[in-house]
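Asks: Supplied in C-alpha cells, the structure appears directly below.
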Amino acid sequence: MKKNVLIILFVFIIFGLVICGCSTEQEPVKPEQTGDAQGEPEEVFHLKYSDWSPEIHNVATISKEALEMIEERSNGRVKITPYFAGSLLEYSDVFMGVSTGAADIVRYVSTMSTGVHDLNLIYNRLFEVEAPDVENLSKVYRELLDKVPEIQKEMEQTGARWLTMRALLGSNLHTANKAVRVPDDIRGMKILCTGENTTWISSMNGASVTMPQTDWYMSLERGIAEGEVMHWSAIDSYKRLEVLNYHTLFGANGTAADAMGYLINLETWNSLPSDIQEIIIDAFQWATDKAEEVNINDKERIMAEAKEKGNTFIELTPEEMQLWAETMKPINEKWITETEAKGWPAEEAFNELISLFEEYR
C-alpha cells in the first residue's frame, strides 16, 4: 500500500512539472541568434499567446491579426505561437498561466483574478453615478491606469503587467417574466450573476445564483432563475434573448463594466528590448480598439433584435437611478476600507474613477 501511494505521488509531481514547464520558476525568454543580410547576429524572441475563445470568434480573430502585425513590424524578431480555444490555458487558468510563464501573453478579463488582487478590482466597481458610453469608458480605464500607477504595480507584484485594456459593455438587469424598476422589486427574486454583483443582489434581499454561463439558458427556461445581471454580448453569445423579456437599463453603460485587455508575463516583458515592447503595445492597442468597435455594433444589433421580439425596456428616471446608487455605496465603501487596510490607495483610485466619469460623460 505504501509503495502504491509513493508511485501515485511521483506521477502527480511529474504531471505538475510538465504543466508548469518543468520548473516552478519561469525561464527568461532566451532569444534565438540568427543572421541578417549582412551576416550580423539578430535576436529572435519566441513567445506563446493564449486565448480561451476559438480562433473563429471575432475578438480572437482580431487578436490573431495583432500577433501577425507584431511579427511583421518587428521584421521577424518576434515570433508568437497562438493557442486558441483554451488549448494552452482554460478560462479559469488564464491569470495563473501568465503569471507563472506558462504563457507569455494572454487575453484577460479583470474578474479572472478575483481573490488575487485588491486595487485592480477598481475595474469591477459598481457605478454609483451614470457611466460614460463604452468608447469613453475605455478611455477612462486606460487613463486611470496611468494616473494611479499603483494599479500596474500591484499587477506586477503578481508576475504580470497590463499591456492595454478596454471596457466591456456594461451590465444591466435582464429578467424573464417580471419588470424591475426599483431595488425593492428584487426582493425574493433569483438572479444569475457573477463577481461583485452577487454581493449586490444579496444586499437587496434577492437570491444570487451562480453557475457556469453555459447553464444560464436552461436555468432561466426552467424557472430556476428569474433574471440575470450581464452585458449584451454574453446574452447574445448564449442565445438567452430567447428566454428574457424585460431589460432594466442603468444609463449608458450599466451597473458595472469589467476591463478586458492583454497581460504579459513580467519576466518576458523585462527581457524584451524597448522597441519590441513598443511594437507589442501598439499592436494590442489596435486590437483593443478594433474589438471595441465590434462590441458597440453588437450592442446596437442585439437591442434592435430585442425590440423586434417585443421585449420591454425599462429606462430609469434620475430618482430611480439614485435609489439603485444607494444600494451600491456600502459595497464600494467596504472595498475601499479593506483595500486601504492592505496599503493600496483605493479611495484615491475610486475618486479618480468618478472624476473621470464626469470628464468623459
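Asks: Which of K147/K239; K239/K334; K64/K299 have a Cα-Cα distance over 31 Å?
Replies: Values: K147/K239 39 Å; K239/K334 35 Å; K64/K299 23 Å.
Correct reply: K147/K239; K239/K334.
Asks: For the charge dipole of the stretch 220-347, defined by +1 on Lys and Arg C-beta atoms and -1 on Asp and Glu C-beta atoms about the Cα centroid, which residue among S237, L316, M328 has the Cα displaced farthest towards the positive pole?
Replies: Value computed over the given set: S237.
Asks: For a footprinting-style exposure proxy, rank F127, F357, F313 by other Cβ within 10 Å, fewest first. If you can, show how the numbers build up before the last one.
Replies: Numbers: F127 25, F357 19, F313 13.
Sorted ascending by nearby Cβ count, the order is F313, F357, F127.
Asks: Which distance in nm do the two modelled labels at E348 and N58 give, with both placed 7 Å along the Cα-to-Cβ direction?
Replies: Going from the E348 label point to the N58 one covers 3.9 nm.
Asks: Using only the alpha-carbon atoms of the stretch 55-117, report the extent along each of the three principal axes, biggest first, to the nearest angstrom.
Replies: The principal-axis extents, from largest down, are 40, 24, 19 Å.
Asks: Within a 10 angstrom radius of the beta carbon, how do R142, R361 rank from fewest other beta carbons to most? Please list the in-between numbers first.
Replies: On the way: R142 19, R361 16.
With the fewest neighbours first, R142, R361 line up as R361, R142.
Asks: Please compute the modelled spin-label separation between M303 and K153, points set 7 Å along Cα→Cβ, answer in nm with one decimal.
Replies: Result: 3.9 nm between the two label points.
Asks: Next question, about the same structure. Among E293, E156, rank each residue by its count of other Cβ atoms within 10 Å, from fewest to most, as a rough exposure measure. Please list the in-between numbers first.
Replies: On the way: E293 11, E156 14.
In order of increasing Cβ crowding within 10 Å: E293, E156.
Asks: Another question about this same structure. How far, in nm, would the chain grow between E68 and E315 when pulled straight, counting 0.36 nm per residue and subtracting the alpha carbon separation? Intermediate values should be presented prior to the final figure.
Replies: Values: separation 247, 0.36 × 247 = 88.92 nm, distance 4.32 nm.
My answer for the length gained is 84.6 nm.
Asks: Among rounded, prolate and oblate, which fits the chain when a ≥ b ≥ c are the square roots of the eigenvalues of its C-alpha gyration tensor, a/c under 1.5 means rounded, and a/b larger than b/c means prolate? Provide the component values of the computation, followed by the final result.
Replies: Numbers: a/c = 1.78, a/b = 1.57, b/c = 1.13.
Prolate is the answer for the chain, as a/c is 1.5 or above and a/b outweighs b/c.
Asks: Okay, moving on. Name the shape class, rounded, prolate or oblate, that the alpha-carbon gyration tensor gives for the stretch 216-259, where a ≥ b ≥ c are the square roots of its eigenvalues, rounded holds for a/c under 1.5, and otherwise prolate holds if a/b is larger than b/c and oblate otherwise. Numbers along the way, then the final one.
Replies: Numbers: a/c = 2.12, a/b = 1.73, b/c = 1.22.
Taking the square roots of the gyration eigenvalues as a ≥ b ≥ c, the stretch 216-259 is prolate.
Asks: A follow-up question, please. Of the residues S92, S208, S233, which exhibits the maximal mean-square fluctuation in a Gaussian network model of the chain defined by a 10 Å Cα contact cut-off?
Replies: Residue with maximal mean-square fluctuation among S92, S208, S233: S92.
Asks: For the chain, what relative contact order do you get, as a whole percent, if you take Cα pairs closer than 8 Å and at least 6 residues apart?
Replies: Details: 604 pairs, mean separation 81.7, N = 361.
The value is 23 percent.
Asks: Hey, another quick one. Quick one: angle between helix 134-147 and the longest Cα principal axis of the chain, in degrees between 0 and 90, rounded to 10, please.
Replies: Roughly 60 degrees, rounded to the nearest 10.
Asks: Once the piece of chain linking E358 and D275 is laid out straight, how much longer is it, given 0.36 nm per residue of separation minus the C-alpha distance between them?
Replies: Numbers: separation 83, 0.36 × 83 = 29.88 nm, distance 3.55 nm.
The E358-D275 span can extend by a further 26.3 nm.
Asks: Let's see if you can work this out: charge +1 on each Lys and Arg Cβ, -1 on each Asp and Glu Cβ, no other charges. What is the dipole magnitude of the chain about its Cα centre, in debye to the nearest 20? Intermediate values should be presented prior to the final figure.
Replies: Details: 32 positive and 59 negative charges, 285 e Å.
My answer is approximately 1360 debye.
Asks: Choose one of Q157, N124, V94: the residue whose Cα lies farthest towards the positive end of the charge dipole of the chain (beta-carbon charges +1 Lys, Arg; -1 Asp, Glu; about the Cα centre).
Replies: Farthest along the dipole direction, towards plus: V94.
Asks: Taking only Cα atoms and a 10 Å spring cutoff, compute GNM fluctuations for the chain and point out the largest among E72, E228, E292.
Replies: For the chain, modelled as a Gaussian network with Cα springs under 10 Å, the answer is E72.
Asks: Moving to a separate point now. Along the Cα-to-Cβ line of S237, 7 Å from the Cα, sits a label point; which residues in the stretch 81-125 have backbone N less than 17 Å from it?
Replies: Residues 83-95, 106-114 qualify, since their backbone N sits under 17 Å from the label point.
Asks: Checking the a/c ratio against 1.5 first, then a/b against b/c, what shape does the Cα gyration tensor give for the stretch 261-361? Present the calculation step by step, with values, prior to reporting the outcome.
Replies: Working: a/c = 2.95, a/b = 1.24, b/c = 2.38.
Cα axes put the stretch 261-361 in the oblate bin.
No value in this document is a laboratory result; all are computed from the given coordinates. A quick note: this is a predicted structure, and the numbers were derived from the prediction, not measured. Don't worry about glycine lacking a Cβ; one is built from the backbone with ideal geometry, like all the others, and counts go over all protein chains shown.
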